[in-house]
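The block underneath contains the structure these notes are about, expressed in structure tokens.
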């Protein structure tokens, strides 16, 4: 068993693959004084930059390392010398839904006194392994219907905050059933006999593998238990996810033990899953805030997500003469008002750059090379100082502490740039820079060549394919299939993400940059992440009136989720309350680009969302900047009414413009509002 513990320790992050990072990042180095330094919870094999900063298990290495994390279906808390496991109950209100953590069952070894807490000894795309000083190791793999504990030495003991009302063991003492007064029945399997007493303490030391699960998960408890009995011997210790052309995604699970591997799928997996590699077991189900988890058998999964058509411009164009004149007039006015951007904030400066980049693409679509050239010159003079370090207001720098692109201000102040130094919102901030840079690279080959290392550094910061100067897929969760925006901040509810549209656009921007650089490997990765992010955001953030995913009281009050947390759904935003429906809609729409159309394919749902937001559109605190996004969505099903509303606006979001909104309305698939 000590050999197995060592194997878990050796199962560290993957080694660099070599060719993807053809350029070293070019930004000046800086020590990060805004974020906490790497804690004592990083094991020797992984205690070096680049560190994963937005991974769904990052609570294990922050502060005291004791905030729980969600591993689907179980919540897990690393305690001092012990591991607490929860199969959560749910609390639902019109304002929120959350899974409640309770230490249903806690594991420790009696000889644990004095060895301290856990360290992260290894991790990969879908797992993290906690090591308790060689006493026991815990490979926590997302979607495993069991919690697996590899005991190297010691006497196992369990405890619970509930009353034990039933205890049973088979003759071989390799299966124990523990019934609690909260209605849960837990099963403890062991690879060799485990002489547990009714006090849940072993009579002797143990060396082997323990697997823990709950069988009161669904209605057919006996059938569940038979399935769990059957697949108890093969357990995952990690997994790797590969991305291929045509939006194909392959999961390869690394296992120990004998027999077939059983894991659990979310609805988004099942919607995309090929049966070539695995066999569904729908009889086994567990609850999850992300949707019902169902069993699947196989050491390999294959997913195929529907491709998104990633274009620089619209797929329809603007053919109506009156509509073209209207957009051109607005575009000329917007371009005439361009002035040097002095905003020091990476977020707001990035939005302003991307806003200007939209002008170039709209002008190109309207065959106005004179306007394209003017915007190209503006982008050259605006983006280049960030890449050369000559922008006085702030700077992009490489954090040698954690391994990532942060700002000069963000390296000094944890609150600067919305916490960029603490790795908040990297794909949002940098995604705007990448979008603007992609457009400029398309227009100006020399600029593209000169600043290719800078562009790739920004892209690799939030979606690197390998570990080199940046962590692999910093923001993207390969199990839940969407990104997490929050970084090195401990939260009881786990990671969170507010704006799905900015996440989708970050991957869209990377795909456009890849097209500009003719990098088809990067096109494959970026377009696949874009499609996955988009589809999962529709499943988890969008709340149609007939939704069965969320509790009825939440569905009745909401048409969109404001913030998705690992164990919570929230109607309030970081910057506004639940009553600001205009903001709640707008933050899931901005920025308006060609990819926005793919984000809202269901016209019936879009009308429900717009009607819900419009109920409060005339409140005194609602501004035209946010109204513009409501009208943008209205254009999907009623472009004439949307155009009439848009022409009455007196202002726009700092990342949007009148010309961009008109372009959007006039390129909806229905006839242009001015067409006969």
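Each residue in the range 149-185 was checked for being at pLDDT 95 or above and crowded, with 22+ Cβ neighbours inside 10 Å, and 7 pass. For the range 236-255, does any single residue satisfy the condition of being outside any helix (DSSP H, G or I) and more than 26 Å from residue 466 (Cα to Cα)? No - not one qualifying residue is present in the range 236-255.
Within the range 164-185, being part of a loop (DSSP other than H, G, I, E, B) and either under 29 Å from residue 294 (Cβ atoms) or under 33 Å from the mean Cα position of the chain (by Cα) (or both) holds for 170, 174, 181, 182, 183, 184. Of the residues making up the range 317-333, just one is assigned to a loop (DSSP other than H, G, I, E, B) and out of contact with any helix residue (DSSP H, G or I) (no Cβ under 9 Å at 6 or more places or on another chain), namely 319. Residues that are out of contact with any strand residue (DSSP E or B) (no Cβ under 7 Å at 6 or more places or on another chain) and either within 17 Å of residue 587 (Cα to Cα) or not assigned by TED's automatic domain parsing to the domain that holds residue 583 (or both) number at least 1 in the following helices (runs of 4 or more DSSP H) confined to the range 603-657: 603-614, 624-634.
If you check 468, 429 for being under 24 Å from residue 511 (Cβ atoms), touching a residue at least 24 places away in the same chain (Cβ under 8 Å), touching a strand residue (DSSP E or B) at 6+ places or on another chain (Cβ under 9 Å) and assigned by TED's automatic domain parsing to the domain that holds residue 503, only one passes: 429.
Test residue 161 against the stated conditions and say whether it is part of a loop (DSSP other than H, G, I, E, B), within 18 Å of residue 109 (Cα to Cα) and within 34 Å of the chain's Cα centre (by Cα). Considered against the rule, which asks whether it is part of a loop (DSSP other than H, G, I, E, B), within 18 Å of residue 109 (Cα to Cα) and within 34 Å of the chain's Cα centre (by Cα), residue 161 comes out as yes. For residue 647, the conditions (1) surrounded by 22 or more Cβ atoms within 10 Å (Cβ to Cβ); (2) closer than 14 Å to residue 660 by Cα are fulfilled apart from (1).
The values are calculated or read from the model by the stated rules, or taken from the named source; none is laboratory data. Source: prediction; values computed, not measured. Positions of Cβ are generated from backbone atoms using ideal geometry, with glycine treated the same way; all protein chains shown enter the neighbour counts.
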